[in-house]
1. Counting only other residues whose beta carbon sits under 13 Å from that of Gly256, what net charge do I get with K and R as +1, D and E as -1?
2. Just rank Lys216, Lys207, fewest to most, by other beta-carbon atoms within 10 angstrom.
3. So, counting K/R as plus one and D/E as minus one, what does the shell of residues with Cβ under 9 Å around Val188 add up to?
4. If Lys and Arg each add +1 and Asp and Glu each add -1, what is the summed charge of the other residues whose beta carbon sits under 9 Å from the beta carbon of Cys97?
5. Going by a ≥ b ≥ c, the root eigenvalues of the Cα gyration tensor, does region 69-269 fall in the rounded group (a/c under 1.5), the prolate group (a/b larger than b/c) or the oblate group?
6. Give the percent of DSSP beta bridges with both residues in region 69-269 that are antiparallel, rounded to the nearest 5.
7. Determine ³J(HN,Hα), in whole Hz, for all residues of region 87-94 in sequence, where each value follows from phi through the Karplus function 6.51 cos²θ - 1.76 cosθ + 1.60 and θ = phi - 60°; x replaces Gly and Pro.
8. What are the radius of gyration and Dmax of region 130-209, computed over its Cα atoms and given in Å?
Amino acid sequence: MTTLSRWFGRFLPVGPCPHLPEAPVAGLSQPPPALSSAAPSAALAAATAGLSGTGAALDSRAYPVFTEPADYMACREGGRLLVHTKRFFERRAIRRCLDGLTDIRAVVDVPCGPGRLFPYWRRRGFVVTGMDFSMPMVAAATERHRDLGLQGRVLWGDAFRPETYPGEVPDLVASVRFVYYFGREQRVALLEALAAVSRRYVLAQYKTWETLRGRKTQGRTRRKHGANGKQFCSRAEIAGELREAGLNCLRIEPIGPWSDRVFVMAERAAGARSS
Ligand SMILES: C[S@@+](CC[C@H](N)C(=O)[O-])C[C@H]1O[C@@H](n2cnc3c(N)ncnc32)[C@H](O)[C@@H]1O
């Protein structure tokens with residue numbers, strides 16, 4: 001590539017990353033990730049030792065497990081202008097969700113991936129616990145956590161299984177770029193798990209077809225992946241799913257009309273709240 005085309009490339013739109021799992025999950029449309037890299041059996045055994053349970057076997061095939069932290073970060077945080085713009089609007093939407101909520105000191109970021117959002121949580125002064133199902137992601141996030149000098153820790157866990165979360169109860173559980181990999185029933189189960197481990201708030205990111213871009217990308221996703229593609233919801237559907245999971249919807253903040261994503265801030269229903 002010439003220097004000139006590289007320079008122009010910085011301003012070009014960033015397409016989907018070919019090496020990242022694009023298709024989900026619901027219906028197990030993707031092959032099982034190599035357990036040796038996604039969740040080494042020794043680590044898996046250690047992490048799950050003593051878990052009693054739901055009886056559900058750990059089935060990483062059901063999840064969009066990412067095993068290449070460097071590729072993921074390069075794709076999400078690469079130097080292109082559009083990436084910076086996207087990050088600005090993503091953080092603006094998160095800030096709008098958090099505005100006025102003064103009782104948040106500790107966040108569990110699940111799945112944290114390589115800790116992409118750690119710098120943002122740090123700026124807010126939160127104690128940060130990161131959790132992911134992929135051991136390579138846990139390793140990368142641990143390094144980032146340490147480099148940023150954060151309080152908290154990073155651990156392996158399954159977002160759907162409350163018994164794999166850290167014992168400390170955070171004020172906020174944040175789940176970004178994850179919920180929409182799953183069908184409705186699984187989304188509600190996931191929200192229930194997030195609510196169960198939070199003292200008060202749950203922040204989740206959904207995809208919606210109710211923006212200009214959402215209408216376009218939903219059509220494209222359907223054509224490419226059929227019903228197994230990433231899932232798009234209306235705001236009314238999102239609010240309904242939250243209710244079903246025992247959460248009250250506080251805010252739904254679109255990233256912008258040019259994005260198909262919204263951030264959703266929810267609070268545990270009063271009766272379900274732990275002190
Ligand atoms: C698209 S990344 C999102 C990471 C981060 N939240 C962000 O916004 O950059 C999805 C992450 O979910 C992790 N993952 C997949 N299934 C999981 C599960 N059941 N529990 C926890 N993490 C899971 C993957 O390994 C991957 O790191």
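Throughout, read-outs are computed from the coordinates displayed, never taken from laboratory work. Remember, predicted model here, so these are calculated numbers, not experimental data. All Cβ positions, glycine included, derive from the backbone under ideal geometry; neighbour counts span all protein chains shown.
1. After counting each charged neighbour, the total is +3.
2. Ranking Lys216, Lys207 by Cβ neighbours within 10 Å, fewest first, gives Lys216, Lys207.
3. Summing Lys/Arg as +1 and Asp/Glu as -1 gives -2.
4. +1
5. rounded
6. Antiparallel bridges: around 45 percent, rounded to the nearest 5.
7. 5, 4, 6, 4, 5, 5, 5, 5
8. Rg and Dmax of region 130-209, Cα atoms, are 13.1, 39 Å.
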